[in-house]
Amino acid sequence: MLKTVSLKFKFVVFTILIMLVLILIPNLARGKFITEPILVFSLIFFAIVAGYIFIWRILNPIEKYKIAVDRALKGQYIDFEFKSSDEVGELGMKLNKLVDKLKRRDLENYIITRIDHTLISNIKIEDSAEEILKIFKETLGYYRFSIYLVNKEEQKFRLVKSVGFEDKYLIHELPIGGRGLINYAYMFRTSVYSPDVLKDERYIQEHPIIRSEFDVPLMIGDEVIGILNVESEKVDGIKQEDREFLMRMAVQIATAFRNSQIYNQAITRFKHLNLLNKVSQTIGFKLDIEEILRSVLNLLMENYGTKKIAIFLKEGSDALKCKISLGLSEKVLKLMEKYTPWHSEANVSPIMISDIENEKSFLDYEEIFKECGIKSVVFFPIVHRERFIGRLDIYFDSKRTIVKEEIEFGVNVCGEIASAIENARLFDLLKSSEKFIRTVLENAPIGILRLDERGNLLYLNSEMRRIIGVSAIDVEKLTGKKIDSILNLDGVDIESFRNLMLKGERIKRWSVSFKSVDGREISLIVDIEPIFASGGAIDGYIVIARDVTEEERLQQERLKLSRAIENLSEAVMITDVEGKIEYVNPAFERITGYKLHEVIGKNPRFLKSGKQDKSFYEKMWNTILKGEVWEGELINRKKNGDLYFEYMSISPLFDSKGNITNFVAIKRDITEQKLFEEQMLQFQKLESIGSISSGVAHDFNNVLASIQTGIKVLQRRLSSEDPEIMKVLNIIRKSAERGADITRRLLNFVRRETGKASTVDVRDLIGEVRTLISHSFPENIKIETWVDENVKFINADYGQIIQAIMNLCINARDAMPDGGVLKITAKNVSADLIKTRFHDVSDEDYVEIAVSDTGTGIPEEIRDKIFEPFFTTKPVEKGTGLGLPIVLKIITSHDGYITYETETGKGTTFYIYLPAVERKVEVIEEVKVEKITPAVVLIVEDEESLRYLLKEYLESRGYTVIATDDGYDAIELYKMNMGKIDIVILDIGLPTIDGITTFRKIRQIDPNARVVLTSGYFLTEPSPTTLMAEEGLDGFIQKPYDVDKIEFLIERFVRG
């Protein structure tokens, strides 16, 4: 109770008590209680005066201050005066400032509390913004408060709400990046205050009485989501403390707005999901298309806030027909059946027309739309499995733009509609025949399994039976059992499946691996769809399984293929359509010398050698860009600068739409092959020459054989007459023998077979090379040969060695354009001598063949390159750059070595070292028949002169001769004279039936028949040796022959 008594009352009571004490103390000391009236009066007077002064000058102001503070602490603010300028007055001023701060604090707390309540109470940003602005207007009192939000997609500020302006002065949208204080605050992310907007160039005039403006960015981190705009009709009319308070509030408002946006998006998405669920449930139990569409339209009208909506479907023809509509006239529907917003049905997507009046494609429909009050429309395509089947039209009575979430919702609904329509159509087709439905299920390419709510098996189709490995008979026994008791599912997370299924959740694309009943490893992609009863409870599950066992196997095969590519000996290069390298395999690195990281992203032109012109590459690119495969050979350059020949095949890769996405090049290094081909080309040339020479030699041999035989006949008849005639005959005989020898040497050269090594006489080798080049090289080149008389033999492919020496001779010729000396020598050398040049020498003795010239020599700068393939200093039309590489290949393949010595301006010598072999020289003893034995000889020869002379000579010697020019006649003659004919001289080249076939026919008649073959050709297949060894041929004589040999053979076989 004492706390409620005023200070003044307390002070008066206290003063009176003091005075009484002062009066009583002296009297009590004397033991008397006597009071002097004058003293008492004086004391009382002075006490009252002092009390008055103290009360009204000190205690009274303090009492007022106390009251003001007490009320301020309770939120009740009063104004009081402080007239004195002493310490009491100063105290009052400070207390007044403190009360003002408390008053400001309470005001701000009041505003914050109301705004917090507003943000909690309102979900929509527009509602929250309006309430916040009203609070600011009510408490701070400025002329206008506005909030603009940033629309980054449209690059605009959108006015959310404004308080204080008439509607006619409102600017609903401002472009981002334009003029105005709002844009300045947005761009610099800072508050902007203009105390006098009329003097500020940044200001955009909105209202005639506005004099000051304050703009605060609403920021989340560094992102500006909006602007709080405050305007006053007074110059510098917005207080500093209010500006600071608004800046602090901007953070809270921005955060609240962002949370509201997120919440609204979540609510919108939840709403859409809820509506989608309703759509799914609505159409899930209905199979009548019109009923489905009507239910969906009602949900769409609820979501989009419209009463005009229509669905058009394609029926039969390509034309659209309105299947169902709400709120639209027949006239509008007829027009919209003919209208299409898409250029092609293959490429369709939602289209929003927010202002029909400005849409060119609607100019003809403008009046009709005005009659119906339609101002905007959105078109959604209805597509099923990439096939356009219809269109959903939603019309609005106002100019409206739908947001992304609404578009996604419409697309999802159209997807559900499409599925429902197709399902309904399918059901219409199938509902008349349950048997047909079961047939479809049984023949479905995917496994389908039906379970009840407890996981017991109810049904499985044939594909599922195949997957799990049971027969149709077994299904009856398994029906009603739990699926995990039927299958071994140890490797499957059954608990996860069970938890999701019990929650009624869909399971999509779940990978499952297990062993089937019959023991096979199975991999499946499983979808599980819960089935709900009418009350919402789970009634069972549909399991749809796709067997991916084969796919996984193919994936493994693809992995193997990838590894195979990595290990291919051919280079593989993959580029994009512009030729930029995306992949090369290790073989590419090995062949070119470039590593993967060095070529990725580059064009393969770094491999160009300059050997192919621009048109070559243009043709290649034209081919592959047309989608065709290009194949060809080209010369490229390695990283180290070496050239190499490659065969390349480039194939385009296509995507599902037929567009080229990549090119794959398979590149094979064929440098060795090219060397071999060039070598074989030389051999083929020799074979061509050999073929021609063989034919000429055959005829020539027949002529020579006739001459030689004729000389024998003349010598026999004229032996005792004029010696001069005999001399002439001997000259003719020797000339014929010389011609025969030349023919033999020519045939000996051209008849050599490549790829077969034999013991070769180096003397003959050098002689034949000289014969070949002496008639083909220019006369200003002198050819010299020297062969050591003790030179050993070599084991070699005769044709290849000839080619190697010929190539060196040709190079020597080309090095002496003005003539010179070409010298070929051959001698034996020891291995010790060669080891000074080559360290891997293994044989003991070698034959050195040297080819030297007196030409220009080899320049020093190219000496390291002369054995590189395709390197040449000759013009393109004269050199391929393969001569010396082929020589090197031939010599090394014979375990030999090659080197050279050269001096510029003096000439070059190439040294070939080949392993030497020993060979015994056979001595053939000349045999002359002195006395003949009578015999019958069958001569079969198509050359008439030779046949006549041979018959004439043998008959002159005492033999009986039967002659014919035909193989068939010979066979008949032998049949007629079988047992009489002692020997058959049979030419191979007969006109009707060849000599070898004739020989075999005669042997069939008489296995003991004596037959000797003759020929002007070189017989290779079958060879005379083979015929004698395998078929019993008695002999072979090469034309031109000496008739003495014929006599020797006759005597040999007749005498036995």
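The values are calculated or read from the model by the stated rules, or taken from the named source; none is laboratory data. In this text, all values refer to a predicted model and were calculated from it rather than measured experimentally. For neighbour counting, all protein chains shown are included, and Cβ atoms are generated from backbone atoms with ideal geometry for every residue, glycine included.
For the reader, a short list of remarks on this structure follows.
- Residue check, K286 among the charged types (D, E, K, R), modelled with pLDDT of 85 or more and part of a loop (DSSP other than H, G, I, E, B): no
- Tallying residues that are part of a strand (DSSP E or B) and touching a His at 6+ places or on another chain (Cβ under 6 Å) within region 374-414 yields 0.
- In region 204-217, the residues that are surrounded by fewer than 19 Cβ atoms within 10 Å (Cβ to Cβ) and either closer than 12 Å to N183 by Cα or not assigned by TED's automatic domain parsing to the domain that holds L149 (or both): I204
- Filtering region 303-332 to residues that are under 48 Å from the mean Cα position of the chain (by Cα) and assigned to a helix (DSSP H, G or I) leaves N303, Y304.
- Qualifying positions in region 562-575 - loosely packed, with under 14 Cβ neighbours inside 10 Å and within 15 Å of the chain's Cα centre (by Cα): S562
- The one condition in (1) loosely packed, with under 13 Cβ neighbours inside 10 Å; (2) under 15 Å from A665 (Cα atoms) that L554 fails to fulfil: (2)
- Residue, farthest from the chain's Cα centre (by Cα), within region 827-866, restricted to residues that are in a helix (DSSP H, G or I) and surrounded by 14 or more Cβ atoms within 10 Å (Cβ to Cβ): A831
- Qualifying residues in region 130-186 (those that are of a type in the set (D, E) and touching a residue at least 12 places away in the same chain (Cβ under 8 Å)) - the one nearest to H207 (Cα to Cα): E173
- Residue pairs meeting the criteria (Cβ under 8 Å; at least 6 apart or on separate chains; first under 12 Å from V1011 (Cβ atoms) and modelled with pLDDT of 75 or more, in region 1024-1036; second polar (S, T, N, Q) and buried (at least 16 other Cβ atoms within 10 Å of the Cβ)): F1036/T1014; F1036/S1015
- Filter pass, S513 being outside the structural domain of N640 (by TED's automatic domain parsing) and within 19 Å of the chain's Cα centre (by Cα): no
- Residue match in region 223-234 (condition: over 19 Å from V163 (Cβ atoms), out of contact with any helix residue (DSSP H, G or I) (no Cβ under 7 Å at 6 or more places or on another chain) and without any contact (Cβ under 8 Å) to a residue 24 or more places away in the chain): yes
- Among the residues listed as A424, A444, the single one being within 30 Å of E290 (Cα to Cα), in contact with a helix residue (DSSP H, G or I) (Cβ under 7 Å, 6 or more places away or on another chain), modelled with pLDDT of 70 or more and assigned by TED's automatic domain parsing to the domain that holds L313: A424
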